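Below is one structure, written out as structure tokens, with a few remarks after it.
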Amino acid sequence: MTQTGPEILACPWPASGSDRRRAGRGLLSVVIPCHNEEEVIAATHARLAAVLPATGMDFEIVYVDDGSRDGTLRGLEAIAAHDPRAVVIELARNFGQQAAMSAGLAAARGDAIVITDADLQDPPEVIPEMVRRWREGVDVAYGRRRHRDGETAFKLVTASLFHRLFASLIPYPMPVDTGDFKLIDRAVADAVNALPEKRRYLRSLVPWAGFRHEPVWYDRHARVAGTTKYSPWKLLKLAGDALVLSSDAPVRLTWVAAAGLGGIGIVSGSVALVGQLTAAAPQPGVSLAAVTAVVATVAAVQTAAVAIVGEYVVRAYREAQGRPTWVVRRTLGRERATTGSSRAA
Ligand code: UDP
Ligand code: MG
């Protein structure tokens, strides 16, 4: 996809004024990425099929099999054979959870779309409350965790610290203590689907789009069966990816290092100079302060050069990412606002 200039991503219909939305009618999609989830998938479908009628909406459940090597795909085929509301997308190999969720989001046809995991850690019983908030005009009703069962203390502490650090480093509001479990309005899904970037971290792309976000508090349970698909190493890689995709802060840190080294250079140089000027007789040799001043100043200049190159690289990267310059939530007073396409230049 090529972009010739800034693009406007317009809502297909006014986000909060629609009768259809206020009445909560229309179609609800539930997107579920699945990787080696044969132990849980039947239970997950049964729970969703029991709970979703309470939303009062028609629904489809979009399962994305992300290159499972166990019986997940067979299980999903059996579900689809008996339930026409199930849609199964089989990816050609394991592309990772972010890719699987993105594939499901692109295929979902709902007026509102819920993203959730396959393992019932996020209770489907919360979905009707999310739909209620959506009816009231909230565009992103995100699950915010009160408690998390079945996680190690290490994971709880590192996740909490990372969420807070991440939120402080990215240039738009980012909710904390939340994962992928959320309901998003069709307009938000259109905005996210239209982004041309290939590497995706949906937890920050949805907040990037803007719109109205509200938490729905819930308790996160332990997995019903099976084990986590994330080793600490895989989590660390995901965290690094998330940061670089969404924030220029790592490059800005280089400036902080350059300024620190420059400060050491100035202070050491001053100490060396004052030492020479106040000495009764000229000091023989080179003082430690003078050596420190030279080394720190050279290091500061080099680090600043790296930071300048970093500024160009990060700008080139953001341009290559190709995100639009703005996203429109709604337009009043024009035909296009009520009938418009999801993408207009
Ligand atoms: N998942 C996936 N592809 C992967 C890894 C995980 O689709 O490569 C799915 C997995 O089946 C589950 C969700 O992503 O539905 C979250 O994974 P998991 O429950 O293992 O993560 P945790 O809850 O332990 O962080
Ligand atoms: Mg899980």
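Among (1) closer than 18 Å to R145 by Cα; (2) crowded, with 16+ Cβ neighbours inside 10 Å, which single condition is F211 missing?
(1)
Kindly indicate which of A300, A289, A305 is at pLDDT 90 or above, surrounded by fewer than 16 Cβ atoms within 10 Å (Cβ to Cβ) and among the aliphatic types (A, V, I, L, M).
On inspection, the qualifying residue turns out to be A305.
Which of the residues that make up the range 240-279 are of a type in the set (A, V, I, L, M, F, W, C) and either at pLDDT below 90 or within 16 Å of ligand 2 (Cβ to nearest atom) (or both)?
L277, A279
Name the pairs: first residue in the range 212-234 and without any contact (Cβ under 8 Å) to a residue 60 or more places away in the chain, second residue within 9 Å of ligand 2 (Cβ to nearest atom), Cβ to Cβ under 9 Å, at least 6 apart or on different chains?
T228/D119
Looking only at the range 100-121, how many residues end up being under 20 Å from the mean Cα position of the chain (by Cα) and either more than 23 Å from H35 (Cα to Cα) or surrounded by fewer than 22 Cβ atoms within 10 Å (Cβ to Cβ) (or both)?
Within the range 100-121, residues that are under 20 Å from the mean Cα position of the chain (by Cα) and either more than 23 Å from H35 (Cα to Cα) or surrounded by fewer than 22 Cβ atoms within 10 Å (Cβ to Cβ) (or both) number 6.
Name the residues in the range 228-260 that are among the aliphatic types (A, V, I, L, M) and within 12 Å of the chain's Cα centre (by Cα), would you?
Within the range 228-260, L238, A239, A242, L243, V244, L245 meet the criteria.
I'm told R223 meets every condition in (1) away from ligand 1 (no atom under 16 Å from the Cβ); (2) of a type outside the set (S, T, Y); (3) more than 16 Å from Q97 (Cα to Cα); (4) surrounded by 15 or more Cβ atoms within 10 Å (Cβ to Cβ) except one. Can you identify the failing condition by its number?
Evaluating R223 over (1) away from ligand 1 (no atom under 16 Å from the Cβ); (2) of a type outside the set (S, T, Y); (3) more than 16 Å from Q97 (Cα to Cα); (4) surrounded by 15 or more Cβ atoms within 10 Å (Cβ to Cβ) leaves (1) as the failure.
Among (1) free of Cβ contacts under 8 Å to residues at least 24 places away in the same chain; (2) in a loop (DSSP other than H, G, I, E, B), there is one condition A80 misses while meeting the rest; what is its number?
Evaluating A80 over (1) free of Cβ contacts under 8 Å to residues at least 24 places away in the same chain; (2) in a loop (DSSP other than H, G, I, E, B) leaves (2) as the failure.
Please indicate, with yes or no, whether at least one residue in the range 194-201 is of a type outside the set (K, R), in contact with a Leu (Cβ under 9 Å, 6 or more places away or on another chain), surrounded by fewer than 19 Cβ atoms within 10 Å (Cβ to Cβ) and assigned to a helix (DSSP H, G or I).
no
Which condition number in (1) more than 16 Å from ligand 2 (Cβ to nearest atom); (2) surrounded by 20 or more Cβ atoms within 10 Å (Cβ to Cβ) is the one that R146 fails?
Checking R146 against (1) more than 16 Å from ligand 2 (Cβ to nearest atom); (2) surrounded by 20 or more Cβ atoms within 10 Å (Cβ to Cβ), the one that fails is (2).
Does V188 qualify as being at pLDDT 95 or above, of a type in the set (V, I, T), assigned to a helix (DSSP H, G or I) and more than 28 Å from V244 (Cβ to Cβ)?
Against the criterion (at pLDDT 95 or above, of a type in the set (V, I, T), assigned to a helix (DSSP H, G or I) and more than 28 Å from V244 (Cβ to Cβ)), V188 does not qualify.
Do you know which of the residues in the range 224-239 that are part of a helix (DSSP H, G or I) and within 16 Å of ligand 2 (Cβ to nearest atom) is nearest to Y317 (Cα to Cα)?
The residue in question is L238.
Could you please find all residues in the range 122-157 being of a type in the set (S, T, Y) and either within 12 Å of ligand 1 (Cβ to nearest atom) or over 20 Å from the mean Cα position of the chain (by Cα) (or both)?
T152
Could you list all residues from the range 103-114 that are more than 10 Å from ligand 1 (Cβ to nearest atom) and outside any loop (DSSP other than H, G, I, E, B)?
L105, A106, A107, A112, I113, V114
Take the range 249-271 and flag every residue that is within 11 Å of A307 (Cβ to Cβ) and among the polar types (S, T, N, Q).
T254
The values are calculated or read from the model by the stated rules, or taken from the named source; none is laboratory data. Just so it is clear, the structure is predicted and the values come from calculations on it, not from any experiment. Glycine gets a Cβ as well: all are built from the backbone with ideal geometry, and neighbour counts include every protein chain shown.
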